[in-house]
Amino acid sequence: MKDPEKAKERIEELSRRLNEHNYRYYVLDQPSISDYDYDMMMEELISLEQQFPELLDPNSPSRRVGGEITKKFPAVKHRYPMLSLSNTYSREEVIAFHTRVQKAIDGPVDYVCELKFDGVAISLTYENGVLVRAVTRGDGVQGDEVTANIKTIRSIPLKISDAGLSSFDVRGEVYMPHNSFLHLNEEKEKNGEALFANPRNAASGSLKMQDSTLVARRNLDCFMYAAMGEELNFNTHWESIQALKRWGFKVSDDTRKCEGIDEVFRFIEEGEKKRAGLPFDIDGVVIKVNSYAQQERLGYTSKFPRWAIAFKYKAVQGVTHLLDIAFQVGRTGAVTPVAILKPVLIAGSTVQRASLYNEDRMIELNLHRNDMVVVEKGGDIIPKIVDVDASQREKHAEKIDFATHCPECDTRLEKKTGEAVHYCPNNDACPPQIQGRIEHFISRRAMNIESLGQGKTELLIARGKVQNIADLYDLTYDDLIGLEKTIEDPATGKARTVRFRDKTVKNILSAIENSTSVSFDRVLYALGIRHLGETMAKKLAHHFENIDRLRQSSYDELIAVRDVGEKMAESIHAYFEDARNLEIIERLKRAGLSFSVDKQETEKGDALSGKSFVVSGVFAQYSRDEIKEFIRQHGGEVKSSISSKTSFLLAGDQMGPEKRKKAEALGVPIIDEAELHNMIR
């Protein structure tokens, strides 16, 4: 075909027909043409797009077969946080949830029950009916953008014609069907590659592959279960589910509106009976209050919505032999026992290792070599030994005791009074501790030195170039160029060679240099002080303002900081009492790292200190997230739901009527944007 106008018409016709067949096949499960006819249309479309590249639509059905290469998956902040759900394993806790809901709500309460798919949570953003972004859950606040790979999932519409919305988000779960999983592992076994443990891991790994063509071959699928956006005017969750179906999204047929708790339990029982025969993995049922007004009234805790709960089915068990116990050393020196098992199939995946947590658990189980043990996948995720069949124990079986010396450096282990964990005290020379601390230091949420991943830190340590985090800032081009080492790739189990060529070395040195601009709170977190997580590092950084004030603080001054407990205070003191740590900090200071809070941040003051705010509505000068951060920067706290302890309800345009009603009932003052600024002045 030579006429561009005719080519355009044919491309549009083929695209329309292919999208329709995708919907009928992958969503409705009602194919209307043969695979051969479908493939012929796809080949014609691809041929025309290659002949007329100016007519290629980024959302063409041909994009389903992949082709994009993604070197990095940028972190993207969610417009609406992707919250976790509170879990329960008993009918009594579901009844307690129902009772709490009824106490807070006047009148009848309906629920929507959905299967809890065991996959990877995803958030899709559509603008003017076109899929523009797909982001993984991540930490709930931000995740990784995987748009190119998501486009290969044929049940996800790339365009929506009749939604009539400028922008909205859709939430769902990407999963790998059992047939696809078995086929994938068969291929990996033939190629001598390490097998995936379960379909969820396979789906997660597939979404982070750089070549979308390979992702397309994995045959991933996706169920959608929520829609959100400022323009949506649904009154209930059930209405939004029906809209998703109309718009062409794949919604599970096993989704039901239930009137009362008895119908909820019937749904739970039906789901458990169906579980073994489903072509994909589920691990429970999600129960949501249907009415959005009632959801708003119920609100949120700091972690979970109060209007939803996940009922988890009991973990599946297996019985096998205990072959041995290995002892693993973490970056803080903590030593964890891990049971080595004769392979056993549990809930669709092969289990060969199980956590034993600590010495107390080993003593409780009284483990002997070759014991017959009961293994359970706790929450269908982490295998653990829950029982031992002592009646089958061999007569002269050897009892397995906890290690007395570090398995890596042979240093005698220590255990602090009141703690269950053993530690290797050889911080400076124990290889896994050195590597663990460096990997923590360079991680994305710490110093974000991405170029040092994928076995490069192991090579630097092996060649004696780096023994602590400060050594990174002394590295030169001549130190790195030409280094190479063959290591085992943990993802495939195969040996591969890590080489430091010119471009690699320059990228590493550039990333190290760029890390000197990282803020003090992240530097503090990156130091790897035991018990000090990311949130508390930020809180301590802003409380003490610089590393010297923190180092000189007394135990009582530390305890006085909100959420600092005894263990954390002791750990911080112990860290700064070690001269080796102080020397590392001085070297990092000389390298240019930030050890004090930026003056612009401290100058904002604490005018809102001691006050808590609930934010609702749309604001003139800020987005919702920006005004929340503005409150925090001036010392205030932002809460998700109103209580008698709330200081103020900050009201913008289009504020939810339920929030106003609750604030007035509790006597909580309602202020606007101008009044907030007056408080700060």
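The values are calculated or read from the model by the stated rules, or taken from the named source; none is laboratory data. Quantities reported herein were computed from a predicted structural model and do not represent experimental measurements. Note that each Cβ is placed from the backbone with ideal geometry, even for glycine, and that neighbours are counted across all protein chains shown.
Tabulated data for the structure shown
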quantity	calculated
Boolean, Ser510 is exposed (fewer than 14 other Cβ atoms within 10 Å of the Cβ), within 15 Å of Asp598 (Cα to Cα) and either touching a residue at least 12 places away in the same chain (Cβ under 8 Å) or within 31 Å of the chain's Cα centre (by Cα) (or both)	no
Exclusive hit being assigned to a loop (DSSP other than H, G, I, E, B) and more than 30 Å from Ser623 (Cα to Cα), set Ala197, Ala202	Ala197
Elements of type strands (runs of 3 or more DSSP E) contained in the stretch 315-373, each with 3 or more residues being over 30 Å from Asn179 (Cβ atoms)	317-329, 334-346
Qualifying residues in the stretch 362-392 (those that are crowded, with 17+ Cβ neighbours inside 10 Å and out of contact with any Lys or Arg (no Cβ under 9 Å at 6 or more places or on another chain)) - the one nearest to Gln352 (Cα to Cα)	Val373
Matching residues in the stretch 340-354 - criterion: being closer than 30 Å to His440 by Cα and in contact with a helix residue (DSSP H, G or I) (Cβ under 9 Å, 6 or more places away or on another chain)	Ser349
Cross-chain or 6+ apart pairs with Cβ under 7 Å, the stretch 664-681 first and over 17 Å from Gly635 (Cα atoms), then loosely packed, with under 10 Cβ neighbours inside 10 Å	Leu666/Ser644
Subset of the stretch 313-338 [farther than 30 Å from Arg412 by Cα and modelled with pLDDT of 90 or more]	Val319, Thr320
Of the criteria (1) closer than 30 Å to Ser204 by Cα; (2) among the β-branched types (Val, Ile, Thr); (3) outside any helix (DSSP H, G or I), which one Val561 fails	(1)
Any hit, the stretch 503-515, residues being closer than 21 Å to Ser443 by Cα and not in a helix (DSSP H, G or I)	no
Output for the stretch 631-651, where each listed residue is under 16 Å from Lys661 (Cα atoms) and modelled with pLDDT under 85	Ser640, Ser641, Ser644
Leading residue by the ranking (farthest from the chain's Cα centre (by Cα)) among those in the stretch 153-164 that are of a type in the set (A, V, I, L, M, F, W, C) and modelled with pLDDT of 85 or more	Ile160
Residue within the stretch 643-664 that is under 28 Å from the mean Cα position of the chain (by Cα) and hydroxyl-bearing (Ser, Thr, Tyr) present	no
One residue from Ile559, Ile584 being touching a helix residue (DSSP H, G or I) at 6+ places or on another chain (Cβ under 6 Å) and farther than 28 Å from Ile442 by Cβ	Ile559
Selection from the stretch 631-642 of residues that are part of a helix (DSSP H, G or I) and either assigned by TED's automatic domain parsing to the domain that holds His543 or surrounded by 16 or more Cβ atoms within 10 Å (Cβ to Cβ) (or both)	Ile631, Gln633
The stretch 515-538: number of residues that are surrounded by fewer than 17 Cβ atoms within 10 Å (Cβ to Cβ) and more than 18 Å from Ile585 (Cα to Cα)	4
Among (1) surrounded by 15 or more Cβ atoms within 10 Å (Cβ to Cβ); (2) at pLDDT 85 or above; (3) out of contact with any helix residue (DSSP H, G or I) (no Cβ under 8 Å at 6 or more places or on another chain) - the single one Lys628 does not satisfy	(2)
